[in-house]
Amino acid sequence: MKVKRNTLLLLACLVWSAAGFNILRIGLLAYPAFLTVLNFLLSALVFAVFQRFIFGKLVKKHTARINSYKEERHFFLNFFDGKAFAIMAVMMTGGIGLRMSGLAPERFIAVFYTGLGAALLLAGLLFGHNYGRAVYASVTAHNTLEQKGD
């Protein structure tokens, strides 16, 4: 199943936003018993580290890769490369395993998942922003070509 190049950015937006929302929800549901300034600061630190060093770079890398495609249509899973899918699989498996094992205390789930989920959600929203920019650029280019043709 092939989709337009810009649609790959939309798919990345939807996948990362859904993952981020779900992880953020898990963290926030665990948070009420741990509402302290220190925990808020720790969640903000987790968010900043993941956004700055992992997800921010991931969004830029994959947006550039998708925008560099010459052909207009691509297999719908090409919104990420193999490495990104591996990272996603490891994170999901690790997160599910950590929660099911009971090894992580509820405070860790609240603090870490809230920061991580917010960073993932922001990455998804940034892919959505990049999709909007790509669509706008495409429409603007199309309109410019039409005006020159008149």
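Could you go through segment 13-30 and let me know if any residue there is at pLDDT 95 or above, part of a helix (DSSP H, G or I) and farther than 20 Å from Met92 by Cβ.
Taking every residue of segment 13-30 in turn, none turns out to be at pLDDT 95 or above, part of a helix (DSSP H, G or I) and farther than 20 Å from Met92 by Cβ.
Go over the candidates Ala137, Ala119, Ala104 one by one and state the one that is more than 28 Å from Ala30 (Cα to Cα), at pLDDT 85 or above and among the hydrophobic types (A, V, I, L, M, F, W, C). Outline the logic, then answer.
On the way: Ala119 fails: more than 28 Å from Ala30 (Cα to Cα); Ala104 fails: more than 28 Å from Ala30 (Cα to Cα).
Every option except Ala137 fails the conditions.
Would you confirm whether or not segment 91-103 contains a residue that is surrounded by 16 or more Cβ atoms within 10 Å (Cβ to Cβ) and of a type in the set (A, V, I, L, M, F, W, C)?
No, segment 91-103 has no match at all.
If Ile96 satisfies every condition in (1) within 17 Å of Cys13 (Cβ to Cβ); (2) without any contact (Cβ under 8 Å) to a residue 24 or more places away in the chain but one, which is the exception?
(1)
Quick check, is Val59 assigned to a helix (DSSP H, G or I), touching a residue at least 12 places away in the same chain (Cβ under 8 Å), under 29 Å from Val135 (Cα atoms) and of a type outside the set (Ser, Thr, Tyr)?
Here the answer is yes, as Val59 does meet what is asked.
Sort out which residues of segment 59-89 are closer than 15 Å to Ala19 by Cα, at pLDDT 85 or above and surrounded by 12 or more Cβ atoms within 10 Å (Cβ to Cβ), and write them in order of number.
Val59
With respect to the numbered conditions (1) surrounded by 12 or more Cβ atoms within 10 Å (Cβ to Cβ); (2) touching a residue at least 40 places away in the same chain (Cβ under 8 Å), which one is the sole condition not fulfilled by Ala137?
(2)
The values are calculated or read from the model by the stated rules, or taken from the named source; none is laboratory data. Being a predicted model, the structure only gives us computed values, none of them experimental. For neighbour counting, all protein chains shown are included, and Cβ atoms are generated from backbone atoms with ideal geometry for every residue, glycine included.
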